[in-house]
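*Asks:* Okay, handing you the structure first.
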C-alpha cells in the first residue's frame, strides 16, 4: 500500500494472503492544490455485449410492428412496443441505431453457405470475415474492444476482461468447416489470437480480487466461507486513518459490495454441490442455473472492476449460437434456437420478440448499478459506453440485415442520448463502430472492418 501525507495513490492496493483489493476513487486521491477535474479525465469505460441470433424485429413483420426498435426517429420515440421498452428510464443515455448490415458474416463462397451460426460471433466486434477452417490457421480481425484496450487499457492492472454465460470450451471443428473458437469468443487481440471468455463468476472474482497466496490457501478460505476481506482487515484500518469521514463511508460501501458479491458466489457454489439436480449439470459450481442471477453477478463484477479501475474494458457474450436454453421468465417455453426459427409466423415472431425483450430487460440492472456508483463528482454511467447488438438480423433465414444495435451510457459526453437513428439501406455496422471508436479517443483510426465512412448520429 502506497500512502503519503499529501494524498493516497490512485493505484493503492490492499494486499493480504489470497487477496489483492484495489480501492475506488477517493477524495484523498486528489493531491492538495490540484483541481479535481484534472484527475477525472480518465478514458471512458467500454462494455461490448453480444446477444446472438438477431431479433424478431429484423423480420418483415417484426419491423412493421416495431418489435425491436421504435417507429419514430429522432428524440420523440415510443419504446412501449419494442424490445427496448425496459430502457425507458434511461432514454437520455440511449442511442438506437436501426437497420445496419453485417455483410462480413454472410457466406462469400458456396461452401460457406449454412455456416452463419459458426462465424457470426467472430464478426460482431471485428466486422471482418472469418477464414473457413477447422484447423489452427484461424483468421478474422482485431475486435473493437481490443483496439480500445490496446490503447487505453494498458495502464490498468487488467487491460480487459471477457465474460460469457454459456459454455464456450469446445475444441476443434464445430460445423460447416468452422473452428469452434469462432463461436467461443467475441474478442480478438489479433487476427489469429482469440481471447478466452470466463463463464464462472468465481474465476472472474478471483482475477479481480483474489490474487495472492497459494491455491491451497484460497481453497481453505472457501471451505470455511470466510471472506478475502478477512485477510486485509489490518490494511483497511490503516488506510481509514488517512481518510476523511466521506471517504470512510465510500470505502466501507465499496468493501461491503465486494463482500455481498462474494457471498452470492459462495451461496451459488454451496447450492450447486449440494447434490440437488441442476438445470445446467455441465456448468461449473460457481455458475447459477438462473440466467438472470448469472447475468447480474457478471454485471456486478463489472461495476466493481470499473469502480476500482482494475480494468476499463469488458466484452460480454450473453448467449451462444444454436443454444437450446429455455428462458421461462420471458413467458416463452420454447428453447431459444428453435424459437428464433419462427417460420415467419406472426405469433411465433411475437414469441421470439418476448425473448428479445427479456434479454434487453437485464440491462437496466447494470445501468442502475453504474448510476449508483459515484466517482468524483459524477457516476460511472456518465463515464461508460455500452454497445449491445447482434451480428445476425432475421434468424429465421440467417441473414445479416437490419441487425439490432443500441448504445447506452454517457460515454463522457461522446453521445447525445435520447436518439433513434435509422441507417440508410446497405449501411455497414462497421461504420457505426468506427465512429464510436473515434468518440472513444481513437481519432487516428482511418477504417474498421468493412467500414466505408463515419456514421452520423443525427436524423
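*Asks:* In contact (Cβ under 8 Å) with a residue 12 or more places away in the chain and surrounded by fewer than 22 Cβ atoms within 10 Å (Cβ to Cβ), is that true of residue 341?
*Replies:* yes
*Asks:* Continuing with the same structure: Here is a list: 426, 449. Which entry is out of contact with any helix residue (DSSP H, G or I) (no Cβ under 7 Å at 6 or more places or on another chain) and over 21 Å from residue 91 (Cβ atoms)? Outline the logic, then answer.
*Replies:* Numbers: 449 fails: out of contact with any helix residue (DSSP H, G or I) (no Cβ under 7 Å at 6 or more places or on another chain).
The conditions single out 426.
*Asks:* Are there strands (runs of 3 or more DSSP E) fully within the stretch 124-198 with at least 2 residues that are surrounded by 22 or more Cβ atoms within 10 Å (Cβ to Cβ) and outside the structural domain of residue 14 (by TED's automatic domain parsing)? List them.
*Replies:* 161-164
*Asks:* A further question on this structure: How many of the residues in the stretch 285-302 are buried (at least 20 other Cβ atoms within 10 Å of the Cβ) and farther than 13 Å from residue 266 by Cβ?
*Replies:* So the count comes out to 9.
*Asks:* Please enumerate the residues belonging to the stretch 279-310 that are in a loop (DSSP other than H, G, I, E, B), in contact with a helix residue (DSSP H, G or I) (Cβ under 7 Å, 6 or more places away or on another chain) and within 20 Å of residue 366 (Cβ to Cβ).
*Replies:* First, the residues of the stretch 279-310 that are in a loop (DSSP other than H, G, I, E, B): 279-290, 308-310.
Next, only the ones that are in contact with a helix residue (DSSP H, G or I) (Cβ under 7 Å, 6 or more places away or on another chain) stay: 285-288, 310.
The answer is 286, 287, 288, 310.
*Asks:* Pull out all pairs, ordered by first then second residue, where Cβ-Cβ is under 9 Å, the residues are six or more apart or on different chains, the first lies in the stretch 12-30 and is outside the structural domain of residue 257 (by TED's automatic domain parsing) and closer than 17 Å to residue 305 by Cβ, and the second is outside any loop (DSSP other than H, G, I, E, B) and modelled with pLDDT under 85.
*Replies:* Here the result reads none, with nothing in the stretch 12-30 linked to a residue that is outside any loop (DSSP other than H, G, I, E, B) and modelled with pLDDT under 85.
*Asks:* Does at least one position in the stretch 311-323 carry a residue that is in a loop (DSSP other than H, G, I, E, B), farther than 30 Å from residue 150 by Cβ and free of Cβ contacts under 8 Å to residues at least 40 places away in the same chain?
*Replies:* No, the stretch 311-323 contains no residue that is in a loop (DSSP other than H, G, I, E, B), farther than 30 Å from residue 150 by Cβ and free of Cβ contacts under 8 Å to residues at least 40 places away in the same chain.
The values are calculated or read from the model by the stated rules, or taken from the named source; none is laboratory data. The shown structure was predicted, so the numbers you read here are calculated from the model rather than taken from an experiment. Cβ atoms come from the backbone with ideal geometry, glycine included; neighbour counts cover every protein chain shown.
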